[in-house]
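Shown next, in structure tokens, is the structure this report addresses.
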């Protein structure tokens with residue numbers, strides 16, 4: 001996006017791509033359908049030490065601008081829940097669109113590139129000398145503007161690395177603390193065995209932690225819990241924190257169980273809960289919470305006990321041992337400190353001609369197309385100023 005925009009201004013642009021082809025992360029996103037943006041983009045959808053930093057770029061190049069580009073290329077897309085936009089056919093269409101725009105603008109893209117060094121040239125005008133290899137062949141180039149669009153530490157199998165942080169540090173920029181975000185939780189206690197037995201079971205929940213909450217599905221895995229709700233809350237979770245899961249987010253479970261006792265007193269608790277939760281999950285909860293009442297009719301269970309179980313269903317407290325880390329994280333939280341970057345241009349304040357865009361910065365979005373929109377917006381702004 002940055003290259004397309006800069007070349008459209010008449011700049012001569014070279015993209016150095018480490019991988020063997022462009023857009024690998026785009027291709028695997030959204031289950032191969034690429035959740036490329038969202039109808040409702042707001043600064044509240046982003047995490048950053050400076051929550052205001054993203055506002056300028058998001059207003060300079062909006063979701064509507066990217067949607068217009070998608071429409072111009074005749075790419076069919078669909079809206080899913082939470083106003084997320086996906087390609088109807090394939091993420092390959094988004095990569096092809098960007099490739100075509102690069103070709104039209106005269107952008108040159110070199111793949112199989114390994115950066116060796118960057119040197120700031122001593123002159124009145126900003127400039128940089130780069131040494132790198134392309135397909136094993138040593139190369140040297142100079143440029144007026146250098147844009148760092150390296151991504152971050154997440155999904156190293158797709159090229160994620162800390163290279164952008166090294167460049168920032170070389171030129172005196174500060175980094176904020178980094179950790180994996182939008183990532184599944186793991187457990188090492190007895191609950192891990194429960195997760196293993198329930199692996200593949202999905203349930204609609206509301207999850208909360210540190211005054212944030214998300215209503216989405218949760219998926220049990222062999223290692224712990226995942227799914228959209230869990231990925232979202234993981235960005236607000238700190239090691240040692242407890243998360244609260246509401247298994248019946250549309251009901252006051254304590255009141256509902258007591259009412260059901262009066263209406264269907266001969267029913268067993270597990271039978272009643274199976275109308276709302278999967279049989280496998282109900283049996284696991286029974287083993288943990290009411291094993292001695294497994295065959296007891298509701299009419300014979302005291303209201304106080306039902307109320308206690310109801311509160312557990314509405315607030316199941318779990319303490320993850322950790323996350324799956326960068327290997328499966330969709331984003332890296334933290335990054336290049338935005339205090340050293342102009343929000344209006346993406347240029348380093350104390351290093352003329354050096355720009356940072358996308359995930360390498362301390363800006364991370366929620367699930368739902370927000371990280372792609374940040375890439376498009378920050379890339380556009382740098383492209384207008386580089």
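The values are calculated or read from the model by the stated rules, or taken from the named source; none is laboratory data. Quantities reported herein were computed from a predicted structural model and do not represent experimental measurements. Ideal geometry is used to build each Cβ from the backbone, glycine not excepted, and the neighbour counts take in all protein chains shown.
General remarks:
- Scanning the stretch 58-73 for residues that are touching a helix residue (DSSP H, G or I) at 6+ places or on another chain (Cβ under 9 Å) and more than 14 Å from residue 373 (Cβ to Cβ), we see that the one that is surrounded by the most Cβ atoms within 10 Å (Cβ to Cβ) is 73.
- Number of the condition not met by residue 30 [criteria: (1) at pLDDT 95 or above; (2) on the phi > 0 side of the Ramachandran plot]: (1)
- Unmet requirement for residue 371, which otherwise passes all of (1) in a helix (DSSP H, G or I); (2) surrounded by fewer than 23 Cβ atoms within 10 Å (Cβ to Cβ): (2)
- Hey, residue 329 crowded, with 21+ Cβ neighbours inside 10 Å, at negative phi and not assigned by TED's automatic domain parsing to the domain that holds residue 123 or not: yes
- Residue among 200, 181, 227 that is in contact with a strand residue (DSSP E or B) (Cβ under 9 Å, 6 or more places away or on another chain), buried (at least 18 other Cβ atoms within 10 Å of the Cβ) and at positive phi: 227
- For the residues 293, 298, 285, the requirement of being in contact with a strand residue (DSSP E or B) (Cβ under 9 Å, 6 or more places away or on another chain) and under 19 Å from residue 195 (Cα atoms) singles out 285.
- Given (1) surrounded by fewer than 16 Cβ atoms within 10 Å (Cβ to Cβ); (2) out of contact with any strand residue (DSSP E or B) (no Cβ under 9 Å at 6 or more places or on another chain), number of the condition residue 88 does not satisfy: (2)
Rundown of residues vs (1) crowded, with 21+ Cβ neighbours inside 10 Å; (2) over 22 Å from the mean Cα position of the chain (by Cα); (3) touching a residue at least 12 places away in the same chain (Cβ under 8 Å); (4) not in a loop (DSSP other than H, G, I, E, B), yes/no style:
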| site | (1), (2), (3), (4) |
| --- | --- |
| 307 | no, yes, yes, yes |
| 310 | no, yes, yes, yes |
| 317 | no, yes, yes, yes |
| 344 | no, yes, yes, no |
| 350 | no, yes, yes, no |
| 355 | yes, yes, yes, yes |
| 359 | yes, no, yes, yes |
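- When residue 382 is tested against (1) assigned to a loop (DSSP other than H, G, I, E, B); (2) in contact with a helix residue (DSSP H, G or I) (Cβ under 8 Å, 6 or more places away or on another chain); (3) closer than 22 Å to residue 126 by Cα, only condition (1) is not met.
- Just one of (1) surrounded by fewer than 22 Cβ atoms within 10 Å (Cβ to Cβ); (2) farther than 30 Å from residue 7 by Cα; (3) modelled with pLDDT of 95 or more fails for residue 323. It is (1).
- The set of residues from the stretch 67-92 being in contact (Cβ under 8 Å) with a residue 40 or more places away in the chain, under 22 Å from residue 21 (Cα atoms) and part of a helix (DSSP H, G or I) comprises just one member, 92.
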